[in-house]
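The numbers here are math on the coordinates, done by the rules we state, and not lab data. Here the structure is a predicted model, which is why all the values come from computation and not from measurement. Methodologically, a virtual Cβ is constructed for each residue, glycine included, from the backbone with ideal geometry; neighbour enumeration extends over all protein chains shown.
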Amino acid sequence: MPQLTCQITAEQAGERIDRSLALIWPYSRSMIQSWLDAGLVTVNGKTAARQQKLRGGDLIFADIPEPEPDRAGPEDIPLEIVYEDADLLVVNKPKGMVVHPAAGHRSGTLVNALLAYCGDSLSGIGGVLRPGIVHRLDKDTSGLLLAAKNDRAHQGLAEQIKARTVLREYEAVVVGHLKQPEGKIDAPIGRDPLHRQRMAVTEKNSREAVTRYTVLAEYPGNSGRPKYSHLRLRLETGRTHQIRVHMAHIGHPVAGDPVYGSAKGLAFLGGQCLHARTVGFTHPVSGEEMRFESRLPGYFVEFLRELGVRS
């Protein structure tokens, strides 16, 4: 990332940070506000807020993102297509694959692979960097994802997601023993006020978020090893990082999650142990009820096997 720095003079003191930096640096105020919202700007080593007023001597530092590419290009990357017809695809995304190009991930994404596979047969609603993408999965979350081949299918699927009629079930391994075999987490999610690159359960500038879980198996551990639980989770809403944030909020972070939990001793997982296993929806053109389930990937199965051996 390019880096910017400056020190506030006595004459510049008392002004809001977004206004001051728009005068000091050759970037628009709206661009600087987006950096502030993303937690990319610090004042004297602490993450800055958009409304923060500056004082003389304040040292400002920013790690600004690389500009996004103008458009995504096709790349010959293997895809696991679970289902395909003239209107849509169901893809089983592997762990480690980014869904669409962005700063830091200009190539090797699911979109690049879809463009090579489908050519021009992808919906344009998502724009030139997100053709066909109806919803997303985190880079290190594996599993089923919908892609639309035309705008009619894209709009129909997006409306179902908004109406909460799309079935999205995940499986995860989380840290610890849950007191109840099943439950509902109803806690709003918004940008973390202290760490702007993360999400958090918060009442401020948040949106409703609901996750239901069922315990499938428990691994009590031994010799001082931590306990783990294998869960099925169902999304009633689709907020950014929802499952990861909700599970951390109730004290049971997803195993291997380096952001909301701890990856200590679990680096072999390559990130959170979270898999989008089931998706169900009404076909946006034919009206047919559809449901797809993917197998648990190798990293997930191997982790469960190891936990079973430890118990």
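A few points about this structure:
- Average Cα contact separation per residue, the chain, under 8 Å, 6 or more apart, as relative contact order %: 14
- Multiplying the residue separation of His195 and Leu167 by 0.36 nm and removing their Cα-Cα distance gives an extension gain of 7.0 nm.
- Net charge contributed by nearby residues that have their C-beta within less than 12 Å of Tyr170 (K/R +1, D/E -1): +2
- A simple spin-label model places pseudo-atoms 7 Å from Cα toward Cβ; at Asn44 and Lys184 they are separated by 4.7 nm.
- For Lys53, the lysines whose Cα falls under 25 Å of its own Cα, not counting residues fewer than eight places away in the same chain, are Lys204.
- Across region 126-205, the relative contact order, built from alpha-carbon pairs under 8 Å that are at least six residues apart, equals 15 percent.
- Nitroxide proxy distance, nm - points 7 Å out along Cα→Cβ at Glu208 and Asp120: 4.2
- Leu216 long-range amide H proximity, modeled H, under 5 Å: His230, Leu231, Arg232
- For region 198-270, the set of trypsin sites (Lys or Arg not before Pro) satisfying both a DSSP loop assignment and a count of at most 11 other C-beta atoms within 10 Å is given as Lys204, Lys264.
- Sites Lys264 and Glu306, calculated FRET efficiency, Cβ-Cβ separation with R0 25 Å, nearest 0.05: 0.95
- Over region 218-311, Cα pairs under 8 Å with separation of 6+ residues give a relative contact order of 21 percent.
- For GluC sites (Glu not before Pro), the sites in region 1-83 that DSSP calls loop and that have at most 12 other Cβ atoms within 10 Å are Glu80.
- FRET efficiency, His283 to Ser30 (Cβ-Cβ, R0 45 Å, nearest 0.05): 0.70
- Three-way shape label, region 112-163, alpha-carbon gyration tensor, a/c 1.5: oblate
- The chain: C-alpha gyration tensor shape, a/c 1.5 cut-off, then a/b vs b/c: oblate
- Nearby aspartates and glutamates by direct alpha-carbon distance to Lys162 (threshold 15 angstrom, same-chain neighbours under 8 apart not counted): Glu208, Glu236
- Net length available on complete extension from Asp85 to Arg55 is 4.8 nm, with 0.36 nm assigned per residue and the Cα-Cα distance removed.
- Whole-Hz Karplus values for region 170-184 come out as 10, 10, 8, 10, 10, 7, x, 9, 8, 5, 10, x, 8, x, 10 Hz, taken residue by residue from phi with 6.51 cos²θ - 1.76 cosθ + 1.60 and θ = phi - 60°; glycine and proline positions read x.
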